[in-house]
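The values are calculated or read from the model by the stated rules, or taken from the named source; none is laboratory data. Predicted, not measured: the structure shown is a model, and the values here were computed from it. Here the Cβ positions follow ideal geometry from the backbone for every residue, glycine too, while neighbour counts run over all protein chains shown. All accessible areas refer to the heavy atoms of the entire protein, side chains included, with ligands and DNA or RNA removed. Shrake-Rupley method; radii C 1.70, N 1.55, O 1.52, S 1.80 Å.
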Amino acid sequence: STPPQTNEKDDDDDTPTSPVTSTINTTENERLKTENEHLKSKITQMTSQHAIEKRQMDERRKEISHNLKLLRDRTRELVQSQREIDTKLLLLKSGKINVTQIQQMQ
């Protein structure tokens, strides 16, 4: 009994690649290498741009943080000043102190 016939291609075929196929493969290889180099360059450029933007954002964050601290300090000063004014005003209204005495407190 003979084994059944199959239409499968023999994978161990040692026939050399045709010149046309070889040229197509070489051309495709060159195209992929060029595209790869372009993408590497683009990644480097984007990474560099990202680093610059991150530095700028960090600087801006520091600046905002510093300004916020200044605002808090100034607000504290203003609140304290307002309390002093309110106290003097109450003392004046109650008659416990006069304008001359307030001026001497300045």
Cβ-Cβ FRET estimate between Gln101 and Asp73, R0 fixed at 30 Å, reported to 0.05:
0.50
Distances longer than 11 Å among the Cα atoms of segment 67-106: what percent of all pairs is that?
66 percent
What figure in square angstrom, to the nearest 10, would you give for the accessible area of Ile64 with a 1.4 Å probe?
90 Å²
Asp86 - accessible surface, heavy atoms, 1.4 Å probe, Å² rounded to 10
70 Å²
To the nearest 10 Å², what's Thr75's accessible area with a 1.4 Å probe?
80 Å²
Around Thr34: net Lys/Arg minus Asp/Glu count, Cβ-Cβ under 14 Å
0
For Lys40, which lysines qualify as cross-link partners when the Cα separation must be under 27 Å and same-chain residues fewer than eight apart are set aside?
Lys54
